[in-house]
Amino acid sequence: MGIYIITILILSFFSILEVTRKISPSTKKIMIFFAFILLVFQTGLRWETGTDWWPYFDQFKYESDWQSFKSGNISVEKGYQLFNILIKYISNNYSVFLFMHAIIFYTLIFKSFKSFTPFFFISILLLYTSTMGMMGSNRQLLALGICLIGLNKLIEGHKTQFFVFVIIASFFHLTALLFLIYFFFNKKIEIKWIIVGMFICILIGFTELPLQLFSVFGRFNELSAFKTEVYLNSALDALSKSQLSLAGLTKRMLFLILFLYTRDKILRNYKHYNYFLNGYILGIAFYFLFSRSLLVMISRGSFYFNIMEPILLSYQLTLLKKPNKKFVLSACMCILAVILFFQSIAAYPDLFIPYKGIWINTSFHREMY
């Protein structure tokens, strides 16, 4: 637990410093580099910590070769399988793979977040804590990072590059294709239509339509058909064993009200704010659509939209002018980060606490599942 606390404290200190003090560009670069190293080493040097440990470990050890690649193995996407093969040319050590994965992921995240957010460190802090429960979801994390670079290209006006990056991301996780909808998100949606849309999603959520819509996903290729069948077969079982967090939904709805209330003021200086806000709105819509049928679409499908929460929260700080008010709000966000950390790992706390790495808690035995 200690390493998580230290990381949160360091990122919180950087966040408050960035918000309340004028930092020179050179100092900020050093702070960013330190944060990058801290997160890469923590994520890349973990061992038996996080979700999906054995599937990805076995994938690297036993299925990452050209014979498996050519045979049409449909357990994972070809892009991720190729990434495994290329790393194995460097080393057969899985820790080397995880370290390279962490470098690439955080390089993509840091590059995109530096463009997206007016306050980098508070966004990274909230991202770190709110996505801790996803540590171990190797394919989707890479897909997310690539998609965010694509979104940055779209904001810059490079529409073709946006599509290219999202397609590349889909070779690591097919759900990345959902990110294509961001192409239409640079619009200000009236609040009345947002309310109507949410109400329609709630009504549809009580029907069989979400399952039928998800079934269409299986028509893309053999892998999508395989994944769709697995998810549909496990849907009822997952519903019987899982409970969705009412607190999580309440938090998102309250944040949505805040984001909509401040939208006009923020749009005066940040014209691309709608991309992030509309993405967040769709994430909530996913909740209403699939909460009674496919929980995987809430945890996996909405991941590309809920990720906008740290970015949107950072923009709220731009509305405050006085340093003392910025300090109070940034301090509140740091406290929120701690809450988000425990909320994120609530489903499988034993897979994350204590942190086990190749040099830390090496004698600790964790039952992975």
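The values are calculated or read from the model by the stated rules, or taken from the named source; none is laboratory data. Here the structure is a predicted model, which means the values were calculated and not measured. Using ideal geometry, Cβ is built from the backbone for each residue, glycine included, and neighbour counts are taken over all protein chains shown. Please note that ligands, DNA and RNA were not included when accessible areas were found on the heavy atoms of the full protein model with its side chains. Shrake-Rupley method; radii C 1.70, N 1.55, O 1.52, S 1.80 Å.
PHE327: open to solvent by 10 Å² or more (accessible area, probe 1.4 Å), within 20 Å of LEU127 (Cα to Cα) and under 16 Å from the mean Cα position of the chain (by Cα), yes or no? Break it down into steps so the answer makes sense when it comes.
On the way: open to solvent by 10 Å² or more (accessible area, probe 1.4 Å): yes; within 20 Å of LEU127 (Cα to Cα): yes; under 16 Å from the mean Cα position of the chain (by Cα): no.
For PHE327, the condition - open to solvent by 10 Å² or more (accessible area, probe 1.4 Å), within 20 Å of LEU127 (Cα to Cα) and under 16 Å from the mean Cα position of the chain (by Cα) - is not met.
Looking only at segment 284-308, which residues are touching a helix residue (DSSP H, G or I) at 6+ places or on another chain (Cβ under 6 Å), within 28 Å of SER12 (Cα to Cα) and not small (Gly, Ala, Ser)?
ILE284, ARG300, TYR304, PHE305, ASN306, MET308
When HIS365 is evaluated against the numbered criteria (1) open to solvent by 10 Å² or more (accessible area, probe 1.4 Å); (2) in a loop (DSSP other than H, G, I, E, B); (3) at pLDDT 95 or above, which criterion, by number, is the only one it fails?
Result: HIS365 passes all but (3).
Look at ILE122 and say whether it is in a helix (DSSP H, G or I), open to solvent by less than 20 Å² (accessible area, probe 1.4 Å) and without any contact (Cβ under 8 Å) to a residue 60 or more places away in the chain. Quick ask: steps written out before the conclusion?
Details: in a helix (DSSP H, G or I): yes; open to solvent by less than 20 Å² (accessible area, probe 1.4 Å): yes; without any contact (Cβ under 8 Å) to a residue 60 or more places away in the chain: no.
Taking the combined requirement at face value, the residue does not satisfy it.
Consider only pairs whose beta carbons are under 6 Å apart and that are at least six residues apart or on different chains; among these, list those whose first residue lies in segment 1-29 and is closer than 30 Å to ILE345 by Cβ and whose second residue is assigned to a helix (DSSP H, G or I) and β-branched (Val, Ile, Thr).
SER15/ILE122
Taking the condition within 23 Å of SER12 (Cα to Cα), open to solvent by 40 Å² or more (accessible area, probe 1.4 Å), among the basic types (Lys, Arg) and without any contact (Cβ under 8 Å) to a residue 24 or more places away in the chain, does LYS322 pass? Spell out how you get there, then give the answer.
Working: within 23 Å of SER12 (Cα to Cα): yes; open to solvent by 40 Å² or more (accessible area, probe 1.4 Å): yes; among the basic types (Lys, Arg): yes; without any contact (Cβ under 8 Å) to a residue 24 or more places away in the chain: yes.
In short, yes.
Just to be sure before I move on: is LEU86 open to solvent by less than 50 Å² (accessible area, probe 1.4 Å), aliphatic (A, V, I, L, M) and free of Cβ contacts under 8 Å to residues at least 60 places away in the same chain in the structure I sent? Step through it out loud before you land on a result.
On the way: open to solvent by less than 50 Å² (accessible area, probe 1.4 Å): no; aliphatic (A, V, I, L, M): yes; free of Cβ contacts under 8 Å to residues at least 60 places away in the same chain: yes.
Judged against the criteria, LEU86 is not a match.
In segment 42-54, what residues are out of contact with any Pro (no Cβ under 9 Å at 6 or more places or on another chain) and buried (at least 16 other Cβ atoms within 10 Å of the Cβ)?
Taking segment 42-54 and keeping what is out of contact with any Pro (no Cβ under 9 Å at 6 or more places or on another chain), we get 42-48, 50-54.
Selection gives GLN42, THR43, GLY44, LEU45, ARG46, TRP47, GLU48, GLY50, THR51, ASP52, TRP53.
Here are some residues: TYR315, TYR355. Which one is modelled with pLDDT of 95 or more, within 30 Å of GLY205 (Cβ to Cβ) and touching a helix residue (DSSP H, G or I) at 6+ places or on another chain (Cβ under 8 Å)?
Numbers: TYR355 fails: within 30 Å of GLY205 (Cβ to Cβ).
Unique residue meeting the criteria: TYR315.
Could you please tell me which pairs satisfy a Cβ distance under 9 Å, a separation of 6+ or placement on different chains, a first residue in segment 196-208 that is touching a residue at least 12 places away in the same chain (Cβ under 8 Å), and a second residue that is among the basic types (Lys, Arg) and open to solvent by 50 Å² or more (accessible area, probe 1.4 Å)?
Close Cβ pairs satisfying both conditions: GLY205/ARG292; PHE206/ARG292.
Kindly indicate whether any position in segment 39-49 is in contact with a helix residue (DSSP H, G or I) (Cβ under 6 Å, 6 or more places away or on another chain) and modelled with pLDDT under 95.
No, every residue in segment 39-49 fails to be in contact with a helix residue (DSSP H, G or I) (Cβ under 6 Å, 6 or more places away or on another chain) and modelled with pLDDT under 95.
Against the conditions (1) more than 26 Å from PHE172 (Cα to Cα); (2) assigned to a helix (DSSP H, G or I); (3) at pLDDT 65 or above, where does ASN278 fall short? Just the number, please.
(1)
Tally up the residues in segment 242-274 that are assigned to a helix (DSSP H, G or I), at pLDDT 95 or above and open to solvent by less than 20 Å² (accessible area, probe 1.4 Å), please.
6
Run GLY72 past the list (1) modelled with pLDDT under 95; (2) within 30 Å of ALA347 (Cα to Cα) and report the number of the one that doesn't hold.
The single condition GLY72 does not satisfy is (2).
Scan segment 4-29 for residues that are open to solvent by 80 Å² or more (accessible area, probe 1.4 Å) and within 17 Å of MET132 (Cβ to Cβ) and jot them down. I'd like the intermediate steps shown before the answer.
So the first thing to find is which residues in segment 4-29 are open to solvent by 80 Å² or more (accessible area, probe 1.4 Å), and the list is 5-6, 9, 13, 21-22, 25, 29.
Across segment 4-29, the qualifying residues are ILE5, ILE6, LEU9.
Report, by residue number, each residue of segment 292-317 that is open to solvent by less than 30 Å² (accessible area, probe 1.4 Å) and over 17 Å from the mean Cα position of the chain (by Cα).
Residues satisfying the conditions are SER293, LEU294, TYR315, GLN316, LEU317.
Please specify each residue of segment 16-68 satisfying the condition of being acidic (Asp, Glu) and either under 26 Å from VAL328 (Cα atoms) or touching an Asp or Glu at 6+ places or on another chain (Cβ under 6 Å) (or both).
We begin by selecting, within segment 16-68, every residue acidic (Asp, Glu); these are 18, 48, 52, 58, 63, 65.
Passing the criteria: only GLU18.
Would you check which residues across segment 25-70 are at positive phi and not acidic (Asp, Glu) and list them?
Within segment 25-70, the subset at positive phi is 48, 50, 52.
Hit for segment 25-70 is GLY50, nothing else.
Given the structure, is PHE113 over 21 Å from SER299 (Cα atoms), out of contact with any His (no Cβ under 7 Å at 6 or more places or on another chain), of a type outside the set (Asp, Glu) and open to solvent by less than 10 Å² (accessible area, probe 1.4 Å)? Spell out how you get there, then give the answer.
Details: over 21 Å from SER299 (Cα atoms): yes; out of contact with any His (no Cβ under 7 Å at 6 or more places or on another chain): yes; of a type outside the set (Asp, Glu): yes; open to solvent by less than 10 Å² (accessible area, probe 1.4 Å): yes.
Taking the combined requirement at face value, the residue satisfies it.
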